[in-house]
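The values are calculated or read from the model by the stated rules, or taken from the named source; none is laboratory data. Since the structure is predicted, the reported quantities are computational estimates derived from the model, not experimental observations. Positions of Cβ are backbone-derived with ideal geometry, glycine not excepted, and every protein chain shown enters the neighbour counts. Each accessible area value is taken on the protein alone, full model and side chains, heavy atoms only, with ligands, DNA and RNA left out. Shrake-Rupley method; radii C 1.70, N 1.55, O 1.52, S 1.80 Å.
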Amino acid sequence: MNPIENKRTATELKAKMSAIQKMVPGKASLNHEVAIPEFGPKELLLKPLYSGICTTDLHVLYHGMGREEFPLTMGHEVSAVVVGVGEQVDYYVGTSRKIKVGDRVTVEPLFPCGKCDPCLKGRINLCPNMSHLGIFDEGAYADYVSVPSNRTHRLPEGVSDLAGTFIEPLSCAINFMDKSQLKPGNSVVILGGGSIGQMTVQVALASGAGQVILSEPVAKKRELALKLGAHAVIDPINENLVERVKKLTDGKGANIVIECVGVPATVSQMLNLVKRGGRCVLAGAPVKPVEMNFLPLWYGEVELVAAHATAWQFPRAMKLIENGLFDVEAALERVVSFSEGVNALEEAYKSNEIGKLVIQHNR
């Protein structure tokens, strides 16, 4: 019997695996003597195939986000194959398809309690008792990871293992757009042209935006946004961002501004770019304090909302990828081996020039 096919044998054999772990703030390590996780009666044991490196992972490693007890196995954007099924596991949520060993899946990494007021109202991403893969729970940068079965989705045949890694960030971009309440023909300014910003460009266009404007200091990321269909791009370092946006929107400002970076400079810009009566969406995680002039918000009755993680967007994201409506890999810089994962995290943190890095796991 495969030693990882059930909880009993994994425990008895004390099998070990490799994992990329946060050891102390600012330091990750590839460790080879990590215990293969046990999985309970309602859980699955997964073997990751690909894992994305996300800005949130960098916040966890370098900025103190998440659990304060270490080591912590990182990673939450993942495609994987099921290698162990708990005895009480039955069907994928909302389907008549049974979960079985060998299925390719992706994981909604936020684990809500299902009992609190936000959960009972369907706002599971606001659960105060939540856990999260790779932030509070042991994550996907490992040979194996255990997850609640009700947080997995079977990958359609038309979605590759690599593309499966992008379902979580694409779902976030869809959540941003849901929060924006975009109407067909609206103008949208997106601040930040990283992989999540590029996906937001595509979601805005697919949602009927009449004008999509990206602000991004890195030239190759601006060029990519134009290839994906953005109507205009702005270099905020060498151009006056407010003046350019006003000129592009007949002096009014944009209907919607979506901030995808989370740094004080871009967060504080939002209210100067939106039209009166417009809406700003804070999508980036502001890990540092931000000073803002709220007078434009008050004068213009601007709505300022936040978009945190995902809630119910995964099936939509999978369908969009399956039907070829999104180039989710457009912002991919390169795929790195599992052994290169620690260096890739450092590279992603130190350079804003590179695009999305994805880790390919050991087969």
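Of all the residues in the range 155-203, those that are of a type in the set (A, V, I, L, M, F, W, C) and part of a strand (DSSP E or B) number 4. Condition first: outside any strand (DSSP E or B) and open to solvent by less than 10 Å² (accessible area, probe 1.4 Å). Now tell me which residues in the range 204-215 satisfy that. Residue satisfying the conditions is A204 alone.
In the set V89, V101, V82, only one residue is part of a loop (DSSP other than H, G, I, E, B), over 27 Å from K179 (Cβ atoms), in contact (Cβ under 8 Å) with a residue 24 or more places away in the chain and open to solvent by less than 60 Å² (accessible area, probe 1.4 Å); that residue is V89. The residues listed here are E353, E303, E322, E291; of these, the one that is of a type outside the set (A, V, I, L, M, F, W, C) and closer than 22 Å to T56 by Cβ is E353. On inspection, P286 does not qualify as open to solvent by 50 Å² or more (accessible area, probe 1.4 Å) and touching a residue at least 40 places away in the same chain (Cβ under 8 Å). If the condition is being under 17 Å from the mean Cα position of the chain (by Cα), more than 18 Å from F70 (Cα to Cα) and either without any contact (Cβ under 8 Å) to a residue 24 or more places away in the chain or not in a strand (DSSP E or B) (or both), then the range 132-154 contributes only R151. The condition of being over 30 Å from C119 (Cα atoms) and touching a His at 6+ places or on another chain (Cβ under 6 Å) holds for only one of F338, F314, that being F338. Residues of the range 318-334 include at least one that is touching a strand residue (DSSP E or B) at 6+ places or on another chain (Cβ under 6 Å), in contact (Cβ under 8 Å) with a residue 24 or more places away in the chain, open to solvent by 40 Å² or more (accessible area, probe 1.4 Å) and outside any loop (DSSP other than H, G, I, E, B).
Listed by first and then second residue, the pairs linking a residue in the range 338-349 that is open to solvent by 60 Å² or more (accessible area, probe 1.4 Å) to a residue that is part of a helix (DSSP H, G or I) and at pLDDT 95 or above, with Cβ atoms under 7 Å apart and 6 or more places separating them unless they lie on different chains, are Y349/L58; Y349/Y62. Among the conditions (1) surrounded by fewer than 23 Cβ atoms within 10 Å (Cβ to Cβ); (2) under 26 Å from M318 (Cβ atoms); (3) in contact with a helix residue (DSSP H, G or I) (Cβ under 9 Å, 6 or more places away or on another chain), the only one that A232 does not satisfy is (2). Condition check: under 18 Å from V105 (Cα atoms), touching a strand residue (DSSP E or B) at 6+ places or on another chain (Cβ under 7 Å) and open to solvent by less than 30 Å² (accessible area, probe 1.4 Å). Does L191 satisfy that? It is false that L191 is under 18 Å from V105 (Cα atoms), touching a strand residue (DSSP E or B) at 6+ places or on another chain (Cβ under 7 Å) and open to solvent by less than 30 Å² (accessible area, probe 1.4 Å). Note on the range 109-128: residues that are within 15 Å of P148 (Cα to Cα) and open to solvent by 10 Å² or more (accessible area, probe 1.4 Å) amount to 5. Among the residues making up the range 240-271, those that are open to solvent by 30 Å² or more (accessible area, probe 1.4 Å) and within 25 Å of E333 (Cβ to Cβ) are V261, V263, A265.
If only residues of the range 56-79 that are over 16 Å from V358 (Cα atoms) and touching a helix residue (DSSP H, G or I) at 6+ places or on another chain (Cβ under 7 Å) are counted, the one that is surrounded by the most Cβ atoms within 10 Å (Cβ to Cβ) is L61. Within the set Y50, Y91, Y62, the sole residue that is more than 19 Å from the chain's Cα centre (by Cα) and aromatic (F, W, Y) turns out to be Y91. Counting residues in the range 110-121 that are touching an Asp or Glu at 6+ places or on another chain (Cβ under 8 Å), not aliphatic (A, V, I, L, M) and not in a loop (DSSP other than H, G, I, E, B) gives one or more.
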